[in-house]
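**Q** After the structure tokens below, expect a handful of questions from me.
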Amino acid sequence: MSWYTTRPIGDRTPFTGRHEFSDFTASWADTLSLLAREVNALAGRHVVIEVDVPERAIRADGMLRADGMLRADARAATPAVRVAFDSRHGPLAYATDRFVKRAGKQAKMDDWQHNVRAIALGLEALRRVDRYSISRRGEQYHGYKALPPGSFAGFASSDVVRAWMGARIPEAPAGADARDLYKALARRLHPDAGGRREDWDRLDQARQLLEAGGLL
């Protein structure tokens, strides 16, 4: 299995539709390696790369290709991407649609992959702030902690949250209310009841999305 999940874009607010040619010459494998290194440096987990593709373009069988979980015939409608993950500084999300590959040049990556590289390089630059002792508490990341609706730790929508909760309560009736699912799962996953802290944190992120949508 991949160390990240591929999802359709859940919120288009950050994207401008204004593009410029990219000068990146790296491969997708090199880009993923750079992104993994920077995410790991932030103790990142639950990594989600959102791409401008429909749900049907994402493989459901868990088979991994060079471009993640996208089907072989998948084509992104725009170069827009968002990378979201949990970190030691809280949930972080970065989004851009700035770059497209140069026409006439042998490109190693698709347009959207160039923007994943831009995000990875941006993370590398932010980490240098700590490296040179300008910041010691990760202040440079604080502006990215308020995730837009639909992007809490990779939950693309409230429907995804409901499915995630329902899968962990198989005895719940079909169509169970999100509030009831949350309460039941909270009792089950609370650390005082023997639940794992990681699962409890994940449920808390689900709660944030449901509250943002007025479902709790």
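The values are calculated or read from the model by the stated rules, or taken from the named source; none is laboratory data. Treat the numbers as computed from the prediction; the structure is a model and nothing was measured. Neighbour counts run over all protein chains shown; Cβ positions are idealised from the backbone, glycine included.
**Q** Can you say whether S133 is on the phi > 0 side of the Ramachandran plot and at pLDDT below 80, as far as the supplied structure shows? Give the steps one after another, and end with the answer.
**A** Numbers: on the phi > 0 side of the Ramachandran plot: yes; at pLDDT below 80: yes.
The answer is yes for S133.
**Q** Taking region 157-185, which residues are touching a residue at least 24 places away in the same chain (Cβ under 8 Å) and acidic (D, E)?
**A** none
**Q** Taking only region 3-22 into account, find how many residues are touching a residue at least 60 places away in the same chain (Cβ under 8 Å), in a loop (DSSP other than H, G, I, E, B) and out of contact with any Gly (no Cβ under 6 Å at 6 or more places or on another chain). Outline the logic, then answer.
**A** Looking only at region 3-22, we keep the residues that are touching a residue at least 60 places away in the same chain (Cβ under 8 Å), and these are 4-22.
In the following step, the residues that additionally are in a loop (DSSP other than H, G, I, E, B) were identified as 9-19, 22.
Add one more test, that the residue is out of contact with any Gly (no Cβ under 6 Å at 6 or more places or on another chain), and what stays is 9, 12-19, 22.
Summing the residues that are touching a residue at least 60 places away in the same chain (Cβ under 8 Å), in a loop (DSSP other than H, G, I, E, B) and out of contact with any Gly (no Cβ under 6 Å at 6 or more places or on another chain) in region 3-22 gives 10.
**Q** Looking only at region 71-97, how many residues end up being outside any loop (DSSP other than H, G, I, E, B), of a type in the set (A, V, I, L, M) and within 11 Å of E50 (Cα to Cα)?
**A** Going through region 71-97 one residue at a time, the tally reaches 5.
**Q** Another one. Could you list, in sequence order, the residues of region 186-210 that are closer than 14 Å to R168 by Cα and either in a helix (DSSP H, G or I) or in contact (Cβ under 8 Å) with a residue 60 or more places away in the chain (or both)?
**A** Filtering region 186-210 for residues closer than 14 Å to R168 by Cα gives 186-190, 195-196, 199-200, 202-203, 206.
If the condition is that a residue be closer than 14 Å to R168 by Cα and either in a helix (DSSP H, G or I) or in contact (Cβ under 8 Å) with a residue 60 or more places away in the chain (or both), then A186, R187, R188, L189, D199, W200, R202, L203, A206 are the ones that fit.
**Q** If I ask for residues that are within 10 Å of A118 (Cβ to Cβ) and β-branched (V, I, T), which ones from region 84-102 would you list?
**A** T96
**Q** I would also like to ask the following. Give me a count of the residues in region 24-57 that are among the aliphatic types (A, V, I, L, M) and part of a strand (DSSP E or B).
**A** Kept after step one, since they are among the aliphatic types (A, V, I, L, M), are these residues of region 24-57: 26, 29, 32, 34-36, 39, 41-43, 47-49, 51, 53, 57.
So of that shortlist, the ones also part of a strand (DSSP E or B) come out as 47-49, 51.
Residues that pass the stated criteria total 4.
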